Amino acid sequence: QVQLVESGGGLVQAGGSLRLSCAASGRTFRSYAMGWFRQAPGKEREFVSAISWSGGSTYYADSVKGRFTISRDNAKNTVALQMNSLKPEDTAVYYCSASTRYPGYEASDYNYWGQGTQVTVSS
């Protein structure tokens, strides 16, 4: 069992940056693959990025590749998403997630979810 709490969302102008952080409880954090998803109003939740348990493998949606960077610190039980060159279409609620299996691209691949943090990018 793991509990996830996101932080770092907010309002930013297009072209700006934000850094999302996800703090996880539990001593087994290092055994989970971690992911970030987002959901815009009226749209389905979509994959943004994922990272393996060791941090050695990372994955990105094409829409954020080259702009977002995922990282994790297993000593601090945290995973971060650095978001640069933000666009209005990045506006969404961003969710942190944990998987006991692998860093998949589908929401169904993940077992645990945070409550989400709002990111709003103004044009």
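The values are calculated or read from the model by the stated rules, or taken from the named source; none is laboratory data. Note that the structure is a prediction, hence the values are computed from the model and not measured. Heads up, the Cβs are rebuilt from the backbone with ideal geometry, glycines too, and the neighbour counts pull from every protein chain shown. For the accessible areas, the whole protein counts, side chains as well, though only heavy atoms, and no ligand, DNA or RNA atoms are used. Shrake-Rupley method; radii C 1.70, N 1.55, O 1.52, S 1.80 Å.
Neighbours of Ser17, meaning other residues whose beta-carbon lies under 14 angstrom from its beta-carbon, give a summed charge of +2 when Lys and Arg score +1 and Asp and Glu score -1.
Ranking Tyr102, Gln118, Ala14 by how far each Cα lies toward the positive end of the dipole of the chain (charges on Cβ) leaves Tyr102 at the top. For region 1-71, the list of GluC sites (Glu not before Pro) that fall in a loop by DSSP and count at most 13 other C-beta atoms within 10 angstrom reads Glu44.
Shown here for region 49-84: trypsin sites (Lys or Arg not before Pro) in loop regions (DSSP other than H, G, I, E, B) with at most 15 other Cβ atoms within 10 Å, namely Lys65, Arg67, Lys76.
Using a 1.4 angstrom probe, figure out how much accessible area region 1-93 has per residue, in square angstrom, rounded to the nearest whole. Before the final figure, lay out each step's value.
Details: 4800 Å² over 93 residues.
Per-residue accessible area for region 1-93 comes out at 52 Å².
Multiplying the residue separation of Ser17 and Ala40 by 0.36 nm and removing their Cα-Cα distance gives an extension gain of 6.4 nm.
When the Gaussian network model of the chain links Cα atoms closer than 10 Å, the mean-square fluctuations of Asp90, Asp62, Asp109 top out at Asp62. Selection among Tyr60, Asn74, Ala33 by position relative to the dipole of region 1-91 gives Asn74 as farthest towards the positive end (Cβ unit charges, Cα centre).
Straight Cα distances below 15 angstrom link Lys65 to the aspartates and glutamates Glu46, Glu89, Asp90, with same-chain residues fewer than 8 positions distant left out. Each of Leu18, Leu11, Leu81 has its accessible area taken with a 1.4 Å probe; listed largest first, they run Leu11, Leu18, Leu81. Between Thr28 and Tyr102, residue separation times 0.36 nm minus the direct Cα-Cα distance comes to 25.2 nm. If you average the alpha carbon positions of region 53-73 and of region 103-118, how far apart do those two centres end up, in angstrom? For region 53-73 versus region 103-118, the Cα centre distance is 14 Å.
How many percent of DSSP beta bridges within the chain run antiparallel, rounded to 5?
Rounded to the nearest five, the antiparallel share is 90 percent.
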